[in-house]
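Right, one structure below, let's go through it.
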Amino acid sequence: MRSVASGLLAVLVLAIASPRSAGTSAPVEAVAPRSGHPRLLVAERDAFSGLPALRARWAAGERPSPDLPGLALSWLLSGDESYAHRALDELRADRPAGLKGSNAYVRYLDRSLAFDWLYGYPGFDPSLKDSVAADLVAGAERMLALPSLADPAQASYHNHTARELALAVVSLVAVDGHPSVETRAAALRAHAWRAFDNILEQTELVDPDGGYHESTDYMRITWAPLAMMAEVRRTATGEDPALRWSVFRNMGTTYLYKVLPDGSEARDDDDEFPHLDPRDNVVLGYAVHRFKDPYAAWMLRQREWLPAEWANPVLRFLWNDETVAPRDPAATTEGELPRHRLFRGIGHLVLRDGWGKDSTWIELACGPYFAKHDHLDAAHFVVYRKGHLAIDAGADYTDTESPHYLNHYRRTVAHNTMLVYQPGESFFWGENKWPAANDGGQRMDSSRFWNSVRSLEDWRRTRDLWDRCRLSPVAAEPDYRYAKADATRAYQPSKVERFTREIVHLRAPNVLVVLDRVRAADPSYRKAWLLHGVSEPKVVAPAAGASVGHGGTGYRDASLVTFEDGQGRLRVHSLLPREREVIVRGGQGFEFWTPGDERGGTWGSGQNWPLDPPEGGPLPGDPYLLKMWKTFWDGIDRLSPSNRRAVVPGGWRMEVSPAAPSKDDVFLHVLEIRDRDERPPLRVDAVEGHALDGAAIEGEAVVLFAAGEVARAEATLPDVRTRSLLLAGLEPRTSYEVQVTSGFAPGAPVWRATAEAGDESTLFLPWDGVRDGRLRLRRLP
């Protein structure tokens, strides 16, 4: 069997043990400018954006954008002074005063590009040059004095920091050598490059295979300036970060896996706008320009997904290389383009069955906590097929971070993972200014949860706080995909001693099997398995449901819960625990209910945390909520608007809890991922035994999960005809004997096989209708 990953831990250990390993950029002293201008994004001679190639584009009829940098580039390529005159007029008129922080970087980028590209124009008078250069240096100095960049060794891989640093880098490289400012600019430039190097080191820890830790929304916000800084270093110094740091070559690939079949983006973490926007054009354009990525070229042509405009219009001329032939990923074989992607570092596993509009998309998240915009969602999974079937619930925060955001949206209760409710457990906001509601979820026990990892040294020093979930092993085979997540460390050890989640995706029937093992520190702590959907689900149970309060209806031993959205359907077979309470909760006033309060109350003491109006508005009149807002946001007098109009927030969920308290529980669910049609549900039976738990899925497979590294295990197979056996959680590279004896003639073998588990701890064996017998598993010497 073929293992596709050795696990997240190995990546982290490598990064920590070798912070200056193969990915490390050159020392700051080696970052020296090439002589002369232009040097920002273009150069006299360059393999990717040299002046001869760009002039050939001009001769072929292509034109840069008619904005300030586009006019400067038009003069540089054509020699037509009318373009230079217009650009200089715009330079004189443009005064980016009043812009603060990262919001100013685009205007400073435009001014820097124009300064560099017009530098050799005889009509660029010295006084204007000096004035623009002084403004660029002043802007860079303001950025580098910010707390995020004051110490370059602590510059974090974060969206604000990337934009602030981009402003400084392009400004300081543009004026390199200009006599009136160079004495002042030289030290600032060295400072900026050291900060950039620190961020590059962090990329190899966070996203060596692509992906991003703050969300796909913040990914584009960060990657656009990151790519521009890398290109500036290449064109200005000859040193090429894209050859050293793998995040750059994986930017285009990330979009292939993180964009859903409907063209929206994965709603990982804080995603204000889960649809492609003008900044995505920039990042995809970089993948085409720098790596000639045919799939990124295909993506750029998906006009129903992407807007026409680019966030930085001049880059359309520089980076959108029309000679790169687009390749439709739907036309590829799996050998050419795998239907799965493990994003090491952030620990996201994406499974898909293709790239058509009718394709299935599944994601499992299990990685460290790297930044403030991450959610408390270890071992959370999402399912999309012709609709949003298993979702991140709630909507993103307003610009002022709402009570909904802090008490529901970013918390475990809004995700498809596990709650273990300990009365009295404390959570808090920011610098512990205000207690947060007890959702029964994953720990938020440090003010650093409102911060970001700042360096590899910072990671080493604080990793006990951040290292919360490990995803290993991961396997992808022709018939199935398998992964195991250990999220024990995501919870306070005072309440959770173990939480592991194993998933198997059976590819042909499009069935997802989810098995969870949970051990609470106290049997009285309520466990709740969660799955969120868009609309009210249908329930099949032995008896009618009864109200349990707070918008919930309880069904004893319910066997099937069905969610639908769009043209998709998700049938959730609840199998274990055998005796269980299934609650369907939601609807008006209870869409975003959190089970506990912030005062140490029991389950049920909590409240609903509704969405704030997307258009913003006045502060709430309720004295308690008003005090909450005023405490967390000093001086606030009005709610800011948000982009959540584009978000699917859901409003319903199912909760599965054991009927009786227990220290150890096994949760088993089989999810049919289907279209809305008349096909009946599959027959699915639970399989329980000694050190083996799983399910028999009629016509498909028996899927069994071993409870740790066991020498012997056994279970009784139900009278369900299947075609294959999949055993997961075995010892890797270990031989096993599997035997089935007849239920009609006990002790008489009816089937036997011997095989070796692969690196990824699974064993797949075809059989023809073996059923209604006793399966025994024995590890061979």
What does the charge count near K663 come to, summing +1 for each Lys or Arg and -1 for each Asp or Glu among other residues with Cβ under 14 Å from its Cβ?
+2
From the list [x] 160; [y] 174; [z] 212, can you say which value of volume of the Cα convex hull per residue in Å³ was derived from the structure given?
[x]
Suppose a student asked you for the relative contact order of segment 645-771, using Cα pairs under 8 Å spaced at least 6 residues apart; what percent would you report?
18
Could you size up the charge dipole of segment 280-319 around its Cα centre, putting +1 on the beta carbon of Lys and Arg and -1 on that of Asp and Glu, and report it in debye to the nearest 20?
160
I need the calculated FRET efficiency for the pair T323 and A646, taking r as the beta carbon distance and R₀ as 60 Å, to the nearest 0.05.
0.95
Fully extended contour minus Cα-Cα distance, from S426 to D719, at 0.36 nm per residue:
100.7 nm
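As a test of the formula, what do you get for the chain when each DSSP H run with n ≥ 4 contributes -39,500 (n - 2.57) and the sum is divided by the residue count, at 222 nm and rounded to the nearest 500 deg cm²/dmol?
Value at 222 nm, helices only: -8000 deg cm²/dmol.
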I'd like to check one number: the per residue accessible area of the chain, probe 1.4 Å, reported in Å² as a whole number.
35
Summarise the accessible area of segment 388-501 (1.4 Å probe, protein heavy atoms) by the percent that is carbon and sulfur.
44
Rounded to a whole number, what % of the accessible area of segment 711-778 do carbon and sulfur atoms account for, probe 1.4 Å?
45
Amide H contacts under 5 Å for R580, placed H, 5+ residues apart:
D557, A659
Can you give the local net charge around P179? Use residues other than it whose beta-carbon is closer than 10 angstrom to its beta-carbon, Lys and Arg +1, Asp and Glu -1.
-1
Charge dipole magnitude, Cβ of K and R +1, D and E -1 - the chain, Cα centre, debye nearest 20:
960
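Among the listed pairs K258/K538; K372/K484; K433/K663; K258/K627; K538/K630; K484/K630, give every one whose C-alpha distance is greater than 32 Å.
K433/K663; K258/K627; K538/K630; K484/K630
Can you give the local net charge around N281? Use residues other than it whose beta-carbon is closer than 10 angstrom to its beta-carbon, Lys and Arg +1, Asp and Glu -1.
0
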Hey, what do the phi angles of segment 276-292 turn into as Karplus ³J(HN,Hα) couplings, whole Hz, using 6.51/-1.76/1.60 and θ = phi - 60°, x for Gly and Pro?
5, 9, x, 6, 5, 4, 5, 5, 5, x, 4, 5, 6, 4, 8, 10, 6
If you bin the C-alpha pair distances of segment 711-775 every 10 Å from 0, what whole percents do you get?
22, 52, 24, 2
Explain nothing, just the number: relative contact order of the chain, from Cα pairs under 8 Å at least 6 residues apart, as a whole percent.
11
Semi-axes in Å, largest first, for segment 60-133 (Cα gyration tensor, √(5λ)) are 21, 15, 9
Positive-pole candidate from P680, P613, G694, dipole of segment 602-748, charges at beta carbon
P613
Could you go through segment 178-185 in sequence order and give the Karplus-derived ³J(HN,Hα) for each residue, using 6.51 cos²θ - 1.76 cosθ + 1.60 with θ = phi - 60°, rounded to whole Hz, and x for Gly and Pro?
6, x, 6, 10, 4, 4, 6, 7
Can you find, among A487, V420, Y397, the residue farthest towards the positive end of the dipole of segment 366-522? Put +1 on the C-beta of Lys and Arg, -1 on that of Asp and Glu.
A487
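Which FRET efficiency value, to the nearest 0.05, is calculated for K663 and Y624 with the Förster distance at 30 angstrom and r the Cβ-Cβ distance?
After rounding to 0.05, the efficiency reads 0.25.
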Would you work out which of V548, V170, V514 lies farthest towards the positive end of the dipole of the chain, given +1 charges on the beta-carbon of Lys and Arg and -1 on that of Asp and Glu, about the Cα centre?
V514
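The values are calculated or read from the model by the stated rules, or taken from the named source; none is laboratory data. Keep in mind the model is a prediction, meaning the values are calculated, not measured. Here the Cβ is made from the backbone with ideal geometry for all residues, glycine too, and neighbour counts use every protein chain on show. All accessible areas refer to the heavy atoms of the entire protein, side chains included, with ligands and DNA or RNA removed. Shrake-Rupley method; radii C 1.70, N 1.55, O 1.52, S 1.80 Å.
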